[in-house]
Amino acid sequence: MINLDFLPSRQITLYLAKLFITRTFAVLIALVMVLMMLDLLGESGKILAVEGNSDADLWRYVRLRLPLLISQFLPFAALLGTLIAFTALNQNSEVISMKAAGLSAHQILAPLILTAAIVAVGLFVFNETVKVNSARVVTAWQDNDYKPVPPESGIMSNVWIRSQGGQVHARFAAGTGDDFRLQDVSIYRLEDRVLKSVARVDTVRPITGEDRWSFEGIETYDAEMNMVREGATGTGLAGVTPSQFKLATVNPDSTDIITLTEDIEALEAAGRPTEAARAGWWHKVTAPLSTLLMPLLASVAAFGLARSGQVLLRATIGMALGFAYFVADNFSLAMGTAGVYPPWLAAWGPVLLFFLIGESVLVRTEE
């Protein structure tokens, strides 16, 4: 008699959920450790080359990079962990025993998908509370060649905007309201696309109630006279607002979803393109959901007779489907960022496509 319940018995559900959790996080720990060591080997020389940096800065780099690696490779670890669990279940004839008890392929997968849904929710919360902060800090630190950076949580690095008659580059933009400031600023003045002067300013702050900024620590190179002038203070950047700097680099990877929503509204109000930000917004939702797809794509390794000698082939097919999803997801996101695909389609397209592929493979082979 066929069991029509969504989940199998409590014992089988807990057993399969435990297999998924233990294999997934074992693979994740191994992957993150190896990748972190390789990453640290490549960056440790740059970190220690900065005067004043020490071993403590190496550990700081590890602490900042770990959340990024965990967020990036958890879905991939779920794929490999599920493949390992399913291959063992198949070889030990446990899948055959479950099917002989009246369980369908979907009922065998249900505990893993339910567990993956819980992991996906945890990953979303982790991304929005831990990963975005680490991404923002480590990006600013790397952009500053691992030299000390201001401690503000809202810091932005390498910001470019266009102003009347030239361009402005700020190494750092930080603070809010009256405390907003720019550091290590370069102001390029152009006339008919010819560089006339370059002003380098240590600190730039908006003047309250006035349409200009105050400069501290100025060094100006005049290209026409081929000379350098220095000054302690000054003013400039008339007509430039702090919002232009804040909206110049809207990075979804280092912005939580609530702040990103506000940035998208501000971009629309300013008449700026929003495709990249919207694609990143949707991807914040679909990236954790990819964890749910992994048991379905890897399920091809669970079914079929182990003695047929095709377990390795089935596992390879499952891995290929998982890799294909990650490639399609990155490609689709790039198309959405460039404005070729609608943002929602760029994020949801690969998820829906590979859900249908996984279901088709499962139904044709087992149901």
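(1) at pLDDT below 85; (2) more than 25 Å from R136 (Cβ to Cβ): which one isn't true of F215, the others all being true?
Result: F215 passes all but (1).
Could you check the range 254-272 and list, in sequence order, the residues that are over 30 Å from R65 (Cα atoms) and in contact (Cβ under 8 Å) with a residue 24 or more places away in the chain?
A270, R272, listed by residue number.
For A238, indicate whether it is in contact (Cβ under 8 Å) with a residue 12 or more places away in the chain, in a strand (DSSP E or B) and either over 23 Å from the mean Cα position of the chain (by Cα) or more than 27 Å from K131 (Cα to Cα) (or both).
Values: in contact (Cβ under 8 Å) with a residue 12 or more places away in the chain: yes; in a strand (DSSP E or B): no; either over 23 Å from the mean Cα position of the chain (by Cα) or more than 27 Å from K131 (Cα to Cα) (or both): yes.
Criteria not met by A238.
In the range 268-294, what count of residues is obtained for those that are at pLDDT below 90, in contact with a Ser or Thr (Cβ under 8 Å, 6 or more places away or on another chain) and over 15 Å from T337 (Cα atoms)? Quick ask: steps written out before the conclusion?
Narrowing the range 268-294 to residues at pLDDT below 90: 268-277.
Retained after the next criterion (residues that are in contact with a Ser or Thr (Cβ under 8 Å, 6 or more places away or on another chain)): 268, 270, 275-276.
Remaining after also requiring over 15 Å from T337 (Cα atoms): 268, 270.
Residues that pass the stated criteria total 2.
Given the residues F172, F215, which is the only one that is under 30 Å from V285 (Cα atoms), of a type in the set (F, W, Y), crowded, with 16+ Cβ neighbours inside 10 Å and in contact with a Ser or Thr (Cβ under 9 Å, 6 or more places away or on another chain)?
When all the criteria are applied, what remains is F172.
Just for the range 182-202: of the residues that are hydroxyl-bearing (S, T, Y) and more than 31 Å from the chain's Cα centre (by Cα), which one is farthest from A238 (Cα to Cα)?
Let us first name the residues in the range 182-202 that are hydroxyl-bearing (S, T, Y), namely 186, 188, 197.
The next check asks that each one be more than 31 Å from the chain's Cα centre (by Cα); those that pass are 188, 197.
Working: Y188: 14, S197: 17 Å.
Top of the filtered list is S197.
Is it the case that the range 32-39 has a residue that's touching a residue at least 40 places away in the same chain (Cβ under 8 Å), aliphatic (A, V, I, L, M) and either assigned to a loop (DSSP other than H, G, I, E, B) or more than 15 Å from A298 (Cβ to Cβ) (or both)?
From the range 32-39, those touching a residue at least 40 places away in the same chain (Cβ under 8 Å) are 32; that's our starting set.
Next, only the ones that are aliphatic (A, V, I, L, M) stay: 32.
Filter again for either assigned to a loop (DSSP other than H, G, I, E, B) or more than 15 Å from A298 (Cβ to Cβ) (or both), leaving 32.
Yes: the range 32-39 contains one or more residues that are touching a residue at least 40 places away in the same chain (Cβ under 8 Å), aliphatic (A, V, I, L, M) and either assigned to a loop (DSSP other than H, G, I, E, B) or more than 15 Å from A298 (Cβ to Cβ) (or both).
Sort out which residues of the range 100-149 are in a loop (DSSP other than H, G, I, E, B), surrounded by 15 or more Cβ atoms within 10 Å (Cβ to Cβ) and not aromatic (F, W, Y), and write them in order of number.
Looking only at the range 100-149, we keep the residues that are in a loop (DSSP other than H, G, I, E, B), and these are 101-104, 144-149.
Within this subset, residues satisfying the condition of being surrounded by 15 or more Cβ atoms within 10 Å (Cβ to Cβ) are 103-104, 144, 146, 149.
If the condition is that a residue be in a loop (DSSP other than H, G, I, E, B), surrounded by 15 or more Cβ atoms within 10 Å (Cβ to Cβ) and not aromatic (F, W, Y), then L103, S104, N144, V149 are the ones that fit.
For the subset of the range 241-253 comprising residues that are assigned to a helix (DSSP H, G or I) and free of Cβ contacts under 8 Å to residues at least 40 places away in the same chain, which member is nearest to W282 (Cα to Cα)? I'd like the intermediate steps shown before the answer.
Of the range 241-253, the ones assigned to a helix (DSSP H, G or I) are 242-246, 252-253.
Now narrow it down to the ones that are free of Cβ contacts under 8 Å to residues at least 40 places away in the same chain: 243, 252.
Numbers: S243: 24, P252: 10 Å.
Top of the filtered list is P252.
The values are calculated or read from the model by the stated rules, or taken from the named source; none is laboratory data. Owing to the predicted nature of the structure, the values given are computational and were not obtained by experimental measurement. FYI the Cβ positions are ideal-geometry reconstructions off the backbone, even for glycines, and counts take in every protein chain you see.
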